[in-house]
Structures are given as C-alpha cells and as structure tokens.
1. So how much slack lies between Ser91 and Ala262, counting 0.36 nm per residue of separation and subtracting their Cα-Cα distance, in nm?
2. Can you compute the helix-only [θ] at 222 nm over the chain? Use -39500 (n - 2.57) per DSSP H run of at least 4 residues, normalise by all residues, nearest 500 deg cm²/dmol.
3. Taking 0.36 nm per residue of sequence separation and subtracting the Cα-Cα distance, how much length would be gained by fully extending the chain between Glu44 and Glu311, in nm to one decimal?
4. Which semi-axes, in whole Å and largest first, does the equivalent ellipsoid of the chain have when worked out from the alpha carbon gyration tensor as the square roots of 5 times its eigenvalues?
5. How much length, in nm to one decimal, is gained on full extension between Lys58 and Thr197, taken as 0.36 nm per residue of separation minus their Cα-Cα distance?
6. Quick check: net charge around His51, other residues with Cβ under 14 Å of its Cβ, Lys/Arg +1 and Asp/Glu -1?
7. Could you compute how fast the stretch 137-234 diffuses translationally, taking Rh as the Kirkwood radius over C-alpha pairs and applying Stokes-Einstein at 25 °C with viscosity 0.890 mPa s? Give it in µm² per second.
8. Considering the options Ala254, Gly336, Phe349, tell which one lies farthest towards the positive end of the dipole of the chain, charges being +1 on Lys and Arg and -1 on Asp and Glu at the Cβ, about the Cα centre.
Amino acid sequence: MADLELRIEAFVKLGNFFREFYEYNKNGNEQQDHNAKWFLEFNEKITMAKHQNGWFTKENILFAMAHWGNVLTVDKLEGWLANYPLENIGSKKIALIMAGNIPMVGFHDFLATLITGNRAFIKLSSNDTILLPLIAAHLIELEPSFTDKIIFSDGKLQEFDAVIATGSNNTARYFEHYFGKKPHIIRKNRNSVAVLTGGETTEQLSALGEDIFRYYGLGCRSVSKLFVPKGYDFDDFFKAIYAYASLIEQQKYANNYDYNKAVYLMSEFDILENGFLMLKEDTSYASPIATLFYEHYDSLEDLHGILKENEEKLQCIVSENIIPNTVPFGKTQRPGLTEYADGVDTVEFLLKT
C-alpha cells in the first residue's frame, strides 16, 4: 500500500498546484517560487490550447483546473478509494482514447488508471493535444515513479490489456469493431436535461445557466434540453440567465447562434430567443450550440417514465429533487469522484480487468 500512498500524495500535490495556479491567475495571488517555472509554462500552453481549439478559453481551462484542485484532496481521494479492494491492484496497460470536446475531459480516466497502479497508454483527440501532456509532465516531476506509467501515442494503439474509449455514436461503432475483443468501456453520445416545475427560484434558474453555458454547452454534462409543464412561462428563466449574455461576444459562439437562427427562420420553426440563446420545442436531446430544446410534460409520473426509457441517452438530470438521482442546479460541471461517466464505475472495471 506504500505505492498507493505515494500515488495519492502525488495527486494531492497536483491538486494543490491547480488551486494555486487558479488563484494566481484569477486573484493575482503571489507566485510561489517553487511554481514559477510551471506557472509560466502552464500559461504559455493554455494560450497554445486556445489557438488549437477556439472553444478552450482560458476561463474554461482555469475552471476545470480549479474543479480538479478542489477534488484532489487527501480526504476525497482516500474516501473514494476506500470503497474498493485495492489489494487487487495490478499494473496493466490501459488504452485511453480521449475526447476533445471540453478542457480536461479525460482527466478522470487518467486519474483512475494511474491511481490503481496501471499504465496509461493515451491517444489524444486532435482537438486537445496540449493540456494533458503538460499536466502529465508536472505530475511526473512531483512523482518520478509515474515516468514509465504514462505513454502518449500518435499512431495506432497496439499491445494493451484493456481500453476506455470516449467518442460519438459513430466512433463507438469503430471502437467496438477494433477493441470489442478486449475488456473495454466504450462511451457514446450523451446529453443532460433539466426538469422545471415553474416553482424554481431566481437563484436556481441562474445556477441552471451554469449547467447550460459552461464550456459553451459542449460537454455531455451540459444541459441541452428542458422539460417544463404545459403553459410554462419562460420570462423568469430568460431574466435569470441574462448574466450570461456576454457569451455572444465569443465569435465562434456568435457564428453558431447566427447560423442556427437562420436555419430555424428559413424552416419557419417557432423559436423563443433573447439575443444569445434560442429555445426550440423538440423531442430530441442533443441541441445545437446556442440552442436549448424544450418539451412539455403532462405529469411528473409520466416524465419519470420517459426519462427512464431514455436513460442511455442521458448523463445528468437536473432538478430540485423531484426526479430520483438528480443533480442540484449549477452542479453538473462539478462532478465528484464517484460520478462516473455513463454510470460505469471505472475503478471497478480496472480492478477486474
């Protein structure tokens, strides 16, 4: 267990670094001498990441780092791992095929693989090749025993023991074909929804804006659809989310807003809009950027059945405890260590592989 303690200690140090780096950038805190080199390098690489992927703004990258900084603590890591028989720890080579939709999206898989003593054999998304190698380099400096545990591959993945792959419904078919004979977790498209009753407070609706707009709605934990009762008045919702109006100043977001609005108008769809978000009644779950779908429900009992039928399409359901197993308003982009993507326990998978 000594090795496990070293790994936990390394990730705790990484969490401390994330928090210090966030405070340095956001609040002008004094730079710690021991972090000077890494602060400079992280700021340079964050600028490079933004050039590579226009959705990776510094604000969103810092948000992701701050979140993980708050998660990577001794108490939280030890509490998380206490649920598993870690005497089964091995050292297998785990292929990690990363998505690239939001900053640090594959970090939980990276963490779970390394914390359980396995080697991470990583294939990065072409949209996100800068952040994780930088984080890995800093982690290796904190704990040199990770040096031969982290491998990045530019080519075809070969000679591994298991795979965790995240992608679209189309790439999932490809993954199943090539990796289906190996132990695997293969993730497809998922979306998140919110259930409103009309009784929500302004604070709750404003917090819902964080669930909708963080990362420009590109994450699987981003709310892309609302379920509302018949006759629901969207005025209070629009007022509560007005604080996010500056989103339209981001050129890529504005381009998507203008394009999708033109498509809706030419198709003569009825939409509600406030200058930076469009609402469209639609039974689908995956809404385009700058658009939020909505659907009316007759009763919460009926809605519960609908959500149950579609659970494989859903990552999170946001509500004020009116639907079982829901996430509070404003919390979808702050998942805990046990909130596994697609509800599949990654650590359990790794221990049984």
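The values are calculated or read from the model by the stated rules, or taken from the named source; none is laboratory data. This is a predicted model, so every value here is computed, not measured. Cβ atoms come from the backbone with ideal geometry, glycine included; neighbour counts cover every protein chain shown. Side chains are part of the model used for accessible areas, which takes the heavy atoms of the whole protein and leaves out ligands, DNA and RNA. Shrake-Rupley method; radii C 1.70, N 1.55, O 1.52, S 1.80 Å.
1. Numbers: separation 171, 0.36 × 171 = 61.56 nm, distance 5.34 nm.
Additional length available on full extension: 56.2 nm.
2. Values: 12 runs with 148 residues, N = 353.
Helix-only estimate at 222 nm: -13000 deg cm²/dmol.
3. Details: separation 267, 0.36 × 267 = 96.12 nm, distance 4.07 nm.
92.0 nm is the gain from fully extending Glu44 to Glu311.
4. Numbers: eigenvalues 250, 113, 80 Å².
Value: 35, 24, 20 Å, ordered largest first.
5. Numbers: separation 139, 0.36 × 139 = 50.04 nm, distance 3.51 nm.
That pair, Lys58 and Thr197, stretches by 46.5 nm at full extension.
6. Numbers: positive: Lys45, Lys50, Lys58, Lys252; negative: Glu44, Asp128.
Around His51, the charge tally is +2.
7. On the way: Rh = 17.5 Å.
In µm²/s, the coefficient is 140.
8. Towards the positive end, the residue furthest out is Phe349.
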